[in-house]
Amino acid sequence: MSEIIEKLAKTVEGSNKSRNVTILTLSTCMWCKKCKAWLKDRDVKYKYVDVDKIEFEDKSKILAYLREKYQSRISYPFMICDDEFVVGYNPGKYEELMKSGGN
């Protein structure tokens, strides 16, 4: 994980720690809020960064890291689950990732 993401991420505690989950979100995005609620409803421990609330320079570094590492379009929420990722709100894919990690 990028050092800048680690530095800026806030942790939400949960009893499900089977996967290392980090989400990049926008504080005003309804899909990002749904993603956070989905994780909370399943008691998943995760980290998040609201990229609209950080310095422009930090946001630029994060976007460059995501593009280089994942070779993907950037859309929010952007969930990183161990070495896998999901772009956008996709509860079906989240479920698959959580199951593949055991508990």
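The values are calculated or read from the model by the stated rules, or taken from the named source; none is laboratory data. Being a predicted model, the structure only gives us computed values, none of them experimental. Positions of Cβ are generated from backbone atoms using ideal geometry, with glycine treated the same way; all protein chains shown enter the neighbour counts.
Data overview
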| quantity | calculated |
| --- | --- |
| Which numbered condition K53 fails, given (1) in contact with a Ser or Thr (Cβ under 9 Å, 6 or more places away or on another chain); (2) surrounded by 14 or more Cβ atoms within 10 Å (Cβ to Cβ); (3) not acidic (D, E) | (2) |
| Those residues of the stretch 32-69 which are closer than 23 Å to K17 by Cα and of a type outside the set (A, V, I, L, M, F, W, C), in sequence order | K33, K34, K36, K40, D41, R42, D43, K45, Y46, K47, Y48, D50 |
| Pick from the stretch 38-76, criterion within 19 Å of K7 (Cα to Cα) and in a strand (DSSP E or B), ranking: farthest from the chain's Cα centre (by Cα) | K45 |
| All positions within the stretch 15-30 that are surrounded by fewer than 15 Cβ atoms within 10 Å (Cβ to Cβ) and not in a strand (DSSP E or B) | S15, S27, T28, M30 |
| Matching residues in the stretch 31-45 - criterion: being in contact with a Lys or Arg (Cβ under 8 Å, 6 or more places away or on another chain) and buried (at least 20 other Cβ atoms within 10 Å of the Cβ) | V44 |
| Subset of the stretch 62-71 [without any contact (Cβ under 8 Å) to a residue 24 or more places away in the chain, surrounded by 14 or more Cβ atoms within 10 Å (Cβ to Cβ) and not hydroxyl-bearing (S, T, Y)] | L63 |
| Members of the stretch 77-103 found to be part of a loop (DSSP other than H, G, I, E, B) and either exposed (fewer than 12 other Cβ atoms within 10 Å of the Cβ) or at positive phi (or both), listed by number | D82, D83, G88, G102, N103 |
| Residue identified as among the β-branched types (V, I, T) and modelled with pLDDT under 95 among I4, I54, I23 | I4 |
| Hey, I74 surrounded by fewer than 15 Cβ atoms within 10 Å (Cβ to Cβ), closer than 18 Å to A9 by Cβ, among the aliphatic types (A, V, I, L, M) and in contact (Cβ under 8 Å) with a residue 12 or more places away in the chain or not | yes |
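Yes or no, residue by residue, for (1) of a type in the set (F, W, Y); (2) closer than 16 Å to F85 by Cα:
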site	(1), (2)
E3	no, no
E6	no, no
E13	no, no
T22	no, yes
S27	no, no
K34	no, no
K40	no, no
Y46	yes, yes
K53	no, no
